[in-house]
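Novice: Structure below; questions to follow.
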Amino acid sequence: MFLTGIVFGSTSQEEEETGVLVLKAPVVRDFKTGARHIFSVSVREKEAVEITCERRGVDIGLAVFAPTGEKISVSNAPAGFAGFDRIFFIAETAGEYRLELDSRRPGSLTGSYTILLKDQRAATEADFVRAAAMKLLGEARAELTGAENRFEKSARAAESLEKALALFEQAEDLQGQAIALFHIALIKGYEFGDKTKSIELYEKALDIWGKIDDEAGRAICLTYLADEIRDYDNAEHARDFYTEKARKYFDEALSLYRKLNDKPDEAAALSFLCRLFNDTGNFQKGFETCRESQRLGGDRDPLTDYRTYGTLASLYSNSGDLENALEHNQIALERLAIAKDYVNPYRSAFIKGNMGLALANQKKYAEAEQNLREALAITEREKRTLYSGYTLVRLASILYDTKRFPESLDCGKKAVEYYRAVDPIKIQGALNVLGNTYFALGQVSQARALFTEAVEINRRTKDRYAEAESLYNLARLENHDGNPEAARQNIE
């Protein structure tokens with residue numbers, strides 16, 4: 001699945017095609033985003049049916065309806081533009097079953113697929129277990145339709161996926177296990193913000209994908225794993241350890257997409273990779289990678305587009321081109337508006353936060369504060385504590401710059417509280433802004449304790465850039481206290 005959240009639900013349908021599936025007789029059709037194709041299959045009572053769909057250049061979802069019209073199973077392979085999806089169900093009654101194929105994302109992509117009635121036979125005991133697992137996958141997909149109440153929906157979807165995983169393990173269905181693990185990892189990371197658990201589950205899924213013939217599934221797993229590791233921090237290793245590991249995974253994923261001639265997914269992977277270059281200060285490489293993503297994608301997939309434009313905005317901002325940063329953030333918001341039902345709403349908060357930073361750097365503090373407060377309202381509503389902390393740090397900085405120290409102190413304290421709860425490694429920005437506010441209020445001992453803690457964390461993670469900022473703050477404090485020698489040493 002190539003998104004920043006889970007792709008569930010379908011787009012508006014523009015056309016319908018009807019056909020009949022015959023055992024072992026593949027059907028090849030062209031497909032475009034927004035289409036709906038319908039097939040029927042005649043099934044006897046208690047027969048097990050397996051249908052596969054190989055997609056090329058389009059992202060397609062499958063659903064099966066009983067003769068009564070009841071939806072009984074939905075496919076849930078990682079969404080992408082290549083690879084295989086499948087449906088497996090057992091007919092409770094004899095009759096004509098309807099198979100619907102529709103788009104799993106917005107946009108304007110065209111491609112083709114091959115649909116195959118792969119197996120049809122009397123169901124075994126193991127088949128009932130496998131069919132139950134597939135039904136749970138479908139329930140998870142249906143649960144996460146729309147952008148509202150994502151946290152509660154995600155919790156229910158994760159519960160269904162955990163049950164599905166146990167059944168796939170019982171049925172010794174490796175592909176089902178890999179898919180269930182992937183989606184649980186995606187929920188843990190993108191919906192709940194639990195990077196540690198997300199990475200652990202992605203790695204388990206990746207290990208299973210190495211045992212089956214599904215290069216497209218493996219490539220998508222590699223990409224999402226790489227993106228989680230990209231900005232992961234842990235006291236066990238320096239930051240470079242994780243960025244290098246992420247780069248290795250990105251390179252492997254891109255190699256697979258090129259082997260599969262899967263340009264849309266290659267464009268999506270490059271849009272993730274841009275963020276790694278931005279994070280590590282390799283801005284020129286970031287610009288080049290974003291432009292290549294745009295060239296391959298052609299602005300046809302808004303889920304990739306909003307991420308690419310957002311990263312370009314960050315690159316422009318970090319390069320000092322604030323006008324271009326604001327322009328590209330605005331385009332990112334427009335593309336995100338098209339895909340809003342397919343991603344967690346906190347993604348718009350992230351863009352608004354970046355706009356707030358650019359506006360603050362232009363000294364447009366009122367506009368910057370407005371954007372940041374809008375972002376904070378979203379992250380608080382969506383229970384994304386880490387991003388709330390991130391936004392509070394920026395808001396506290398603006399309040400500090402405009403000498404509203406009591407308000408800055410409140411935001412800084414809350415930011416530190418959030419980071420201590422969810423990510424004590426990334427806390428140094430919050431420590432520094434809170435320390436600066438204490439210093440401005442004349443509370444030097446509190447400021448010194450915070451700056452010193454930030455330096456200690458920076459040294460453990462070997463984050464030299466952040467360490468330099470913390471040491472500079474300590475130097476200002478020592479100079480203020482009449483200790484110029486200590487100040488000089490910190491600056492050096």
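Novice: Once the mean 1/r over all distinct Cα pairs of segment 385-476 is inverted, what Kirkwood radius in angstroms do you read off?
Specialist: 12.6 Å
Novice: Right, here's the next one. Can you put Phe39, Phe439, Phe283 in order of accessible area, largest first, using a 1.4 Å probe?
Specialist: Ranking Phe39, Phe439, Phe283 by accessible area, largest first, yields Phe283, Phe439, Phe39.
Novice: Another one. Relative contact order for the chain: what is it in percent, counting Cα pairs under 8 Å that are at least 6 residues apart? Intermediate values should be presented prior to the final figure.
Specialist: Details: 993 pairs, mean separation 54.9, N = 492.
Here the relative contact order equals 11 percent.
Novice: Here's a follow-up. Please list Phe277, Phe192, Phe241 in order of solvent-accessible area, largest first, computed with a 1.4 Å probe with all protein chains present.
Specialist: Phe241, Phe192, Phe277
Novice: Report the full-extension gain for the segment Lys211 to Ala122: residue separation times 0.36 nm, less the Cα-Cα distance, to one decimal in nm. Mind showing how you got there, number by number?
Specialist: Working: separation 89, 0.36 × 89 = 32.04 nm, distance 2.80 nm.
Separation in residues times 0.36 nm, less the Cα-Cα distance, equals 29.2 nm.
Novice: Projected onto the charge dipole of segment 159-310 (+1 at Lys/Arg Cβ, -1 at Asp/Glu Cβ, origin at the Cα centre), which of Leu167, Ala219, Ala269 gives the Cα projection farthest towards the positive end?
Specialist: Going by the Cα projections, it comes out as Ala269.
Novice: Under the 0.36 nm per residue contour assumption, what length would be gained going from the current alpha-carbon distance of Ala440 and Arg459 to full extension? Don't jump to the answer; show the numbers that get you there.
Specialist: Values: separation 19, 0.36 × 19 = 6.84 nm, distance 2.56 nm.
Net length gain for the segment: 4.3 nm.
Novice: Okay, next question. Between Rg and the Kirkwood Rh of segment 137-246, both from Cα atoms, what is the Rg to Rh ratio?
Specialist: 0.99
Novice: Distance check, please: which entries in Lys46/Lys71; Lys153/Lys263; Lys163/Lys414; Lys71/Lys197; Lys153/Lys211; Lys32/Lys188 exceed 26 angstrom between their Cα atoms?
Specialist: Where the Cα-Cα span goes over 26 Å, the pairs concerned are Lys153/Lys263; Lys163/Lys414; Lys71/Lys197; Lys153/Lys211; Lys32/Lys188.
Novice: I'm checking a number: the convex hull volume of the Cα atoms of segment 327-411, normalised per residue, in Å³. What is it?
Specialist: Spread over its residues, the Cα hull of segment 327-411 gives 76 Å³ apiece.
Novice: Now, a different point. Quick check on the chain: take the gyration tensor over C-alpha atoms, sort the square-rooted eigenvalues as a ≥ b ≥ c, and tell me if it's rounded (a/c under 1.5), prolate or oblate.
Specialist: On the way: a/c = 2.43, a/b = 2.21, b/c = 1.10.
Note, shape of the chain comes out prolate.
Novice: Turning to a different aspect of this structure: Tell me which GluC sites (Glu not before Pro) from segment 66-135 have a DSSP coil assignment and no more than 16 other beta carbons within 10 Å of their own.
Specialist: Answer by residue number: Glu70, Glu92.
Novice: So if I take the centroid of the Cα atoms in segment 421-457 and the same for segment 318-337, what is the distance between those two points in Å?
Specialist: 30 Å
Novice: Continuing with this model, one more query. When a/c is below 1.5 the answer is rounded, else prolate if a/b is larger than b/c, else oblate, so apply that to segment 61-125 with a ≥ b ≥ c taken from the square roots of the Cα gyration tensor eigenvalues. Could you put the intermediate results ahead of the total?
Specialist: Details: a/c = 2.43, a/b = 1.79, b/c = 1.35.
Prolate shape, in that a/c is at least 1.5 and a/b is the bigger ratio.
Novice: Counting other Cβ atoms within 10 Å, which trypsin sites (Lys or Arg not before Pro) in segment 395-446 have at most 15 and lie in a DSSP loop?
Specialist: The qualifying sites are Lys403.
Novice: If you average the sequence gap of Cα pairs under 8 Å that are 6 or more apart and divide by the length of segment 215-300, what percent do you get for the contact order?
Specialist: On the way: 94 pairs, mean separation 23.6, N = 86.
Dividing the mean separation by the residue count of segment 215-300 yields 27 percent.
Novice: At what distance in nm do the modelled label points of Arg156 and Ser42 sit from each other, each positioned 7 Å from its Cα along Cα→Cβ?
Specialist: If labels sit at Arg156 and Ser42, their model points lie 3.9 nm apart.
Novice: Treating only the Cβ of Lys, Arg, Asp and Glu as charged (+1, +1, -1, -1), what charge dipole size does segment 337-376 show about its Cα centre? Round to the nearest 20 debye.
Specialist: Dipole size: approximately 80 debye.
Novice: Let me ask something else about it. In percent, what relative contact order does segment 338-446 have, based on Cα pairs under 8 Å that are 6 or more apart in sequence? Numbers along the way, then the final one.
Specialist: Details: 128 pairs, mean separation 22.2, N = 109.
Computed over segment 338-446, the figure is 20 percent.
Novice: Another one. Provide, as a two-decimal number, the C-alpha radius of gyration of segment 104-200 over 2.2 N^0.38 Å, N being how many residues it has.
Specialist: Against the empirical 2.2 N^0.38 Å value, I get 1.24 for segment 104-200.
Novice: Now for a different question. Apply 1/(1 + (r/R0)^6) to the Cβ-Cβ distance of Arg29 and Lys364, taking R0 = 51 Å, and write down the FRET efficiency to the nearest 0.05. Don't skip to the answer; put the middle values down first.
Specialist: Details: r = 52 Å, r/R0 = 1.02.
Calculated value: 0.45.
Novice: Okay, moving on. Could you order Thr461, Thr402 by accessible surface area, starting with the largest, using a probe radius of 1.4 Å? Don't jump to the answer; show the numbers that get you there.
Specialist: Working: Thr461 5, Thr402 45 Å².
Largest accessible area first, the list is Thr402, Thr461.
Novice: As an exercise, find the ratio Rg/Rh for segment 209-316 from alpha-carbon atoms, using the Kirkwood inverse-distance average for Rh. Mind showing how you got there, number by number?
Specialist: Numbers: Rg = 13.7 Å, Rh = 14.0 Å.
A ratio of 0.98.
Novice: So how strong a dipole does the chain carry about its Cα centre when Lys and Arg Cβ are +1 and Asp and Glu Cβ are -1, to the nearest 20 debye?
Specialist: 580 debye
Novice: Related question: Roughly what would the spin-label model give for Ala337 and Arg98, points 7 Å off Cα along C-beta, in nm?
Specialist: Here the answer is 3.5 nm between the modelled labels.
Novice: Could you list the residues of segment 313-352 with an amide nitrogen less than 14 Å from a label point located 7 Å from the Cα of Asp299 in the Cα-to-C-beta direction?
Specialist: 328-336
Novice: Bin width 5 Å, alpha-carbon pairs only: give the P(r) of segment 231-377 as whole percents, running from 0 to the bin holding the largest distance.
Specialist: 2, 10, 17, 20, 20, 16, 10, 4, 1, 0
Novice: Here's something else I'd like to know. With n ≥ 4 as the cut-off for DSSP H runs, can you work out [θ] at 222 nm for the chain, using -39500 (n - 2.57) per run divided by the number of residues, rounded to the nearest 500?
Specialist: -20000 deg cm²/dmol
The values are calculated or read from the model by the stated rules, or taken from the named source; none is laboratory data. Computed from a predicted model, the values in this text were never measured in an experiment. Positions of Cβ are generated from backbone atoms using ideal geometry, with glycine treated the same way; all protein chains shown enter the neighbour counts. The accessibility values were calculated without ligands, DNA or RNA, using every heavy atom of the protein model including side chains. Shrake-Rupley method; radii C 1.70, N 1.55, O 1.52, S 1.80 Å.
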